[in-house]
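Asks: Just dropping this structure here.
None of the figures in this text is laboratory data; all of them are computed from the coordinates on show. Fair warning: this is a prediction, and the values are worked out from it, not measured in the lab. Because the Cβ atoms are built from the backbone with ideal geometry, glycine has one as well, and the counts that use them run over all protein chains shown.
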Ligand code: SF4
């Protein structure tokens, strides 16, 4: 997906523990303006992931 804007505050609708992501904020927040979750037809939680993830520099 397209790279999304990183805000200077948490996206209050999201809890995320992926602290290796560029959008991660301490306190298990996500600062992405929006996220995309994949894949279509997922069978369970394990198979589902955030397509907006970008590794932290
Ligand atoms: S973009 Fe996805 S993986 Fe990265 S902090 Fe936000 S919810 Fe977590």
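Asks: Report, ordered by the first and then the second residue, all pairs with beta carbons closer than 9 Å, sequence separation of six or more or different chains, a first member in the stretch 33-54 that is farther than 14 Å from residue 16 by Cα, and a second member that is within 15 Å of the ligand (Cβ to nearest atom) and in a loop (DSSP other than H, G, I, E, B).
Replies: Going by the 9 Å Cβ cut-off, the qualifying pairs are 38/1; 38/48; 38/51; 39/48; 39/51; 42/48; 47/39.
Asks: Would you be able to tell me the number of residues in the stretch 2-24 that are near the ligand (Cβ under 10 Å from one of its atoms), under 13 Å from residue 52 (Cα atoms) and surrounded by fewer than 18 Cβ atoms within 10 Å (Cβ to Cβ)?
Replies: Going through the stretch 2-24 one residue at a time, the tally reaches 6.
Asks: OK, next. Looking at the stretch 23-47 only, could you name the residues that are closer than 17 Å to residue 57 by Cα and touching a strand residue (DSSP E or B) at 6+ places or on another chain (Cβ under 7 Å)?
Replies: Of all residues in the stretch 23-47, those closer than 17 Å to residue 57 by Cα come to 23-26, 30-32.
Within the stretch 23-47, 23, 24, 30, 31, 32 qualify.
Asks: Is the stretch 46-54 home to any residue that is more than 10 Å from the chain's Cα centre (by Cα) and assigned to a loop (DSSP other than H, G, I, E, B)?
Replies: yes
Asks: Name the residues in the stretch 25-48 that are under 13 Å from residue 4 (Cα atoms) and near the ligand (Cβ under 8 Å from one of its atoms), would you? Lay out the reasoning, then the answer.
Replies: Within the stretch 25-48, the first condition is being under 13 Å from residue 4 (Cα atoms), and the residues that meet it are 30-36.
Once the filter is applied, which keeps residues that are under 13 Å from residue 4 (Cα atoms) and near the ligand (Cβ under 8 Å from one of its atoms), the stretch 25-48 yields 30, 31, 32, 35.
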